[in-house]
Amino acid sequence: ARGLDVTGVFCVSCRHIYVCPNGVSDFQKGEKYRYADLCFAGPLNTSYTAGLRYFVIMYDIACKYGINFMSQCCNKDCSFVLIPTDNGDINIVFCVNKFHQESHDDDCTTKNALDYTKFVGHTCGKGVETIWAKMNWLRYSTREMSAASWIETLSEHFNDWNWQKTISLG
């Protein structure tokens, strides 16, 4: 990763495994919470504005990530709020997907389990990994691109992913 401008990509997808608009961000020098905050803020803002108030975020490290999320993203006392909640409260629950639960301690597994979360139903939470299974090959062709080409290429492939999902529904 030495000498690279971008060391990875963070992606937010909805339950039906569509890549969310404004839900993709580049990593610079590792996975940091601020990149994830920005990725979650775009889709949450759009959904909150549309009237939704209850959200479940599934993330491999949700037990750690969710601790300060509300204070970092929804704090009205900050000069720049990532998720403005002027129209009422927002409820965000953080869960660890089932594949990663086994690597967490018992207290975390119980507290962040999908099986015990209201309104979730039966889901494993690993749908986003299917996106990466299809997109991982892009790393070979994009690693030497300029920033603009990199963004356009990823955007085009994510848009195609969403389109393919849409036409396969019918």
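The values are calculated or read from the model by the stated rules, or taken from the named source; none is laboratory data. These numbers were taken from a predicted model, which means no experiment stands behind them. Cβ: placed from backbone, ideal geometry, glycine included. Neighbour counts: every protein chain shown. SASA here: full protein model, heavy atoms, side chains in, ligands and nucleic acids out. Shrake-Rupley method; radii C 1.70, N 1.55, O 1.52, S 1.80 Å.
Across the range 116-159, the qualifying residues are those that are over 21 Å from residue 40 (Cα atoms) and of a type in the set (D, E, K, R), and the one among them that is surrounded by the most Cβ atoms within 10 Å (Cβ to Cβ) is 134.
Quick grid of which residues meet (1) in a loop (DSSP other than H, G, I, E, B); (2) surrounded by 17 or more Cβ atoms within 10 Å (Cβ to Cβ):
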residue: 38; (1), (2): no, yes
residue: 43; (1), (2): no, yes
residue: 56; (1), (2): no, yes
residue: 70; (1), (2): no, no
residue: 77; (1), (2): yes, no
residue: 94; (1), (2): no, yes
residue: 100; (1), (2): no, yes
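Taking the stated definitions as given, is residue 51 free of Cβ contacts under 8 Å to residues at least 24 places away in the same chain, closer than 30 Å to residue 169 by Cβ and either assigned to a loop (DSSP other than H, G, I, E, B) or open to solvent by 30 Å² or more (accessible area, probe 1.4 Å) (or both)? When the stated conditions are applied, residue 51 passes them.
Sub-7 Å Cβ pairs linking a first residue in the range 155-168 that is in contact (Cβ under 8 Å) with a residue 60 or more places away in the chain to a second residue that is open to solvent by less than 80 Å² (accessible area, probe 1.4 Å), at least 6 apart or interchain, are 158/19; 158/24; 161/19; 161/131; 162/18; 162/19; 165/17; 165/18, ordered by first then second residue.
The residue that is least open to solvent (accessible area, probe 1.4 Å), among those in the range 79-92 that are within 19 Å of residue 53 (Cα to Cα) and free of Cβ contacts under 8 Å to residues at least 40 places away in the same chain, is 85. Each residue in the range 5-35 was checked for being at pLDDT below 85, part of a loop (DSSP other than H, G, I, E, B) and open to solvent by less than 80 Å² (accessible area, probe 1.4 Å), and 5 pass. Among the residues of the range 161-170, those that are open to solvent by 70 Å² or more (accessible area, probe 1.4 Å) and closer than 14 Å to residue 17 by Cβ comprise 163, 164, 168, 169. Close Cβ contacts (under 9 Å, 6 or more residues apart or on different chains) running from residues in the range 111-127 that are assigned to a helix (DSSP H, G or I) and modelled with pLDDT of 75 or more to residues that are of a type in the set (Ser, Thr, Tyr) and surrounded by 16 or more Cβ atoms within 10 Å (Cβ to Cβ) comprise 114/123; 127/13.
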